[in-house]
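Undergrad: My questions will all concern the structure given below.
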Amino acid sequence: MTVPPRPARTAARRTARERGRAPRRRWGLRLATAVSVLLLSASGVGHAMVTGVEDGIGRVQPFQGMREQDRPTGGDGLNFLVVGTDGRDRITPAEKRKYHLGGAPCHCTDTLMLVHLSAGRDRASVVSLPRDSYAEVPAHKDAAGRERRAHAVKLNAAYAEGGPGLTVRTVEHMTGVHIDHYLEVDFTSFMRSVDAVGGVDVCTVRPLKDSYTGLDLPAGKATLNGGQALQYVRSRHIDGSADLGRMQRQQRFLASLIHKVTSSGVLMNPVRFRQVADAMLTSVRADSGFTADDLVGLGQAMRGFTPASSEFLSVPLAREGVRLPDGGTTVRWDPVAAKQVFQALRDDEPLAVRPKKAAPHAPRPTVVDVPPEQIRVHVDNGTERRGLANTVTKALGAAGFVPSGVPGDAPDGPHAKTVVSYDPRWDRSAQTLAAALPGAELRQVAGLGPVLRVTAGADYTGVHPVRAEEPAPGTPGISAVTGDEAACP
């Protein structure tokens, strides 16, 4: 029987509310598993297979004791709180050594994502919530039954203090978004899931190394197994972007995982699907309100879901953080931009800006290392074409680069080729600029400083669009990317 999109959503929300249960926390991997199950049921494998898969899900009660009148009002679509914990109890000693998983778990949330499935089941919006976000947990009873007043903590500490229930309450309080379901995954289930689908491809424009996790990836495309994937999504000591860069890598990984699951044929093969689903659901926990009936109904409504149907965003941050009473420092959400993000989720509106009409043969932006917004450029005219320096300066500015100084004429005569001169200390920025000026000659000039210089030559034909692999930390406003942009090209 075909279940229309709206009734499936309504039934799922009514079930959660009537039982007074809250959604389960799970991180991006869990979402991909859910999407896989939904698409499987849409492909006709059916209720019996999904019911068998449901039996492998661990259950929690994150909504227990919560009163609907104390919660945000629900809107259209479905909202999931997807949480990744640092549980590593079932990882073997050899895997702990190989993938740098030693030490005691913190019993806190390593990753938090708010996932919105649109009412029409044609879009998934994934918003990463930094674990170091400034948060005020509501008054509650701790594990020992003691009453605790509302107080400020880092967001990931809510799980340590009050488990899934307090985490759900805290996120709802901070976002104003009603959470319908809760999904939670640990290190073990994440690793096994990636291995079950045969590994996941990731792409990087520069080598990635992190001595803390053992990550060591060359530039280019690589297929990661479960342990390597865990290193990739956990690494936060690669550069100065820390946890923000890590969230962006998690989003790219999730986009690639969704692409792998939906394009590999697993969803059309009941036997193969069951094998993959069983591996994926090991150690996964979800709220009891998320049932096989919900899976089937959602799956039937999500025919045609593709990576381009997903969009990813890290909650916008203010420039200044907040210091906690205990001396710890946190990041603070931008009060204006963050509010716009969560309002869009409540209104069932997309986050990513999609052009109304793409140019017929518009070139695809080249993915680069350094965001053009961080690169200052001065342009000189190396030809006899009048006004060329101004033309190039405007074109680079439109592509996101920051013009510096007044465009002028090159003092050393006509140039057949365009030249990018740069200080060796800014070599990564030079590579980004060169991608925007295909064919340009790179020339090192010691002591030139942070401003790159372009001498426009006779071969100049225009600026090629570029897009940063990782947006600059602290980039103002809302900057969402779609799944096809985040995954490997």
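The values are calculated or read from the model by the stated rules, or taken from the named source; none is laboratory data. Being a predicted model, the structure only gives us computed values, none of them experimental. Note that we place each Cβ from the backbone using ideal geometry, even for glycine, and neighbour counts take in every protein chain shown. Surface areas here come from the heavy atoms of the whole protein model, side chains and all, with no ligands, DNA or RNA. Shrake-Rupley method; radii C 1.70, N 1.55, O 1.52, S 1.80 Å.
Undergrad: What residue, of Val392, Val463, is aliphatic (A, V, I, L, M), open to solvent by 30 Å² or more (accessible area, probe 1.4 Å) and either out of contact with any Cys (no Cβ under 6 Å at 6 or more places or on another chain) or assigned to a loop (DSSP other than H, G, I, E, B) (or both)?
TA: The match here is Val463.
Undergrad: Moving on. Exactly one of (1) open to solvent by 20 Å² or more (accessible area, probe 1.4 Å); (2) under 30 Å from Arg123 (Cα atoms) is unmet by Thr482. Its number?
TA: (1)
Undergrad: Does Asp278 meet the test of being more than 30 Å from Pro207 (Cβ to Cβ) and either at pLDDT below 70 or open to solvent by 10 Å² or more (accessible area, probe 1.4 Å) (or both)?
TA: Spelling it out, Asp278 is indeed more than 30 Å from Pro207 (Cβ to Cβ) and either at pLDDT below 70 or open to solvent by 10 Å² or more (accessible area, probe 1.4 Å) (or both).
Undergrad: Next question. Do any strands (runs of 3 or more DSSP E) entirely within the stretch 89-180 hold 2 or more residues that are closer than 26 Å to Ser211 by Cα, touching a Gly at 6+ places or on another chain (Cβ under 8 Å) and open to solvent by less than 50 Å² (accessible area, probe 1.4 Å), and if so, which?
TA: Qualifying strands (runs of 3 or more DSSP E): 109-117.
Undergrad: Taking the stretch 398-426 only, how many residues are farther than 18 Å from Thr383 by Cα, open to solvent by 60 Å² or more (accessible area, probe 1.4 Å), in contact with a strand residue (DSSP E or B) (Cβ under 8 Å, 6 or more places away or on another chain) and not in a loop (DSSP other than H, G, I, E, B)?
TA: 2
Undergrad: Just checking, does the stretch 236-255 include any residue being in contact (Cβ under 8 Å) with a residue 24 or more places away in the chain, among the polar types (S, T, N, Q) and not in a helix (DSSP H, G or I)?
TA: yes
Undergrad: Pairs needed: first member in the stretch 446-466, farther than 16 Å from Phe401 by Cα; second member anywhere, open to solvent by 60 Å² or more (accessible area, probe 1.4 Å); C-beta distance under 7 Å; at least 6 residues apart or different chains.
TA: Within 7 Å, the pairs are Gly457/Ala416; Gly457/Lys417; Ala458/Ala416; Asp459/Ala416; Asp459/Lys417.
Undergrad: Determine whether Ala229 is assigned to a strand (DSSP E or B), at pLDDT 80 or above and small (Gly, Ala, Ser).
TA: No, not satisfied.
Undergrad: Name the single residue that is modelled with the highest pLDDT among those in the stretch 181-218 being outside any strand (DSSP E or B) and in contact with an Asp or Glu (Cβ under 9 Å, 6 or more places away or on another chain).
TA: It comes out as Pro207.
Undergrad: May I ask you to say which residue of Leu433, Leu448 is closer than 30 Å to Pro207 by Cβ and buried (at least 19 other Cβ atoms within 10 Å of the Cβ)? Write out each step before concluding.
TA: Working: Leu448 fails: buried (at least 19 other Cβ atoms within 10 Å of the Cβ).
Selected residue: Leu433, the only one of Leu433, Leu448 that is closer than 30 Å to Pro207 by Cβ and buried (at least 19 other Cβ atoms within 10 Å of the Cβ).
Undergrad: Testing Val35 on (1) aliphatic (A, V, I, L, M); (2) within 22 Å of Val194 (Cβ to Cβ); (3) modelled with pLDDT of 70 or more, one condition comes back false. Which one is that?
TA: (3)
Undergrad: Taking the condition in contact with a strand residue (DSSP E or B) (Cβ under 9 Å, 6 or more places away or on another chain), under 19 Å from Val481 (Cα atoms) and crowded, with 19+ Cβ neighbours inside 10 Å, does Val331 pass?
TA: The answer is no for Val331.
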